[in-house]
Amino acid sequence: FTLTLIDGHALRTYARALPRPGMEDDGESGAPPRMPRGAYRDCLLITQIIIALEALRPGGTVLIRMSHIECFPAAHLLFLFDSLAERLAVVKPVRFHRSRGTCYVVARGVCRAAAADEGGGADARRVRRDAYLVGLRKLWCELRFGGELGTGRELVPGDLDFIVMAEEILGGYLGRLVGLGRHVWGTQVDGLCGLFRHKGVLE
């Protein structure tokens, strides 16, 4: 595909179908227990990224919704797409979740074939993508079947070190991150000011 969208999210109504403390599973349903909500949320995110990278035609575009790009895991995932794409933009619609930390990342020219005089840049991006996919698939298994009960676990710091270490983000990538996020944060500040005025917090 020339375009893949990553915008699925866990519903707030998703409930963990495990026995509560003091209650026994009746065992009548025969279905395995559902994942904890946090594990389901994180596994869904990684699932979508794997499918998007596998299904995208070289040179295609990925559109992914992220929250708080300055935090884990969004900063690591932003680095991933930035390292695979020719062009990367972070966009925050002014009429949608303006006061929240959500935004859209648009990665264009992902693993596009390099011209003869470009020195094989796209080949390097494809090698990087394949390495990322190996790490993402391994992580997916841990998120889906890990945890004490084998019903999944949430992402934790260190899970995405195969993409980039936190120290590298705070070092060499920080300036790029700030440049990408400045518009998002500015729009959110304006939205929060408007919300606070509406609520009577600010005059």
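The relative contact order of the chain, computed from alpha carbon pairs under 8 Å that lie at least 6 residues apart in sequence, is 25 percent. For the pair Leu133 and Val106, how long in nm is the line joining their label points, each one 7 Å along Cα→Cβ? Distance between the two pseudo-spin positions: 2.6 nm. Ranked by the mean number of other Cβ atoms within 10 Å per residue, highest first, peptides 43-53, 190-200, 175-185 order as 43-53, 175-185, 190-200.
For the stretch 104-203, a simple Cβ point-charge model (Lys and Arg +1, Asp and Glu -1, everything else neutral) yields a dipole of about 360 debye relative to the Cα centre. Modelled spin-label separation between Val91 and Trp185, with each label point placed 7 Å from Cα along the Cα-to-Cβ direction: 2.3 nm. At full extension, Glu70 and Thr47 could sit 6.1 nm farther apart than now, given 0.36 nm per residue minus the alpha carbon distance. For the stretch 46-155, the square roots of the Cα gyration tensor eigenvalues, ordered a ≥ b ≥ c, give a/c of at least 1.5 with a/b no greater than b/c, which places it in the oblate category.
All of the numbers you see were taken from the coordinates with simple rules; none came from a lab. The structure displayed is predicted, hence computed values, not measured ones. Neighbour counts are summed over all protein chains in view; Cβ atoms, including those assigned to glycine, are modelled from backbone coordinates with ideal geometry.
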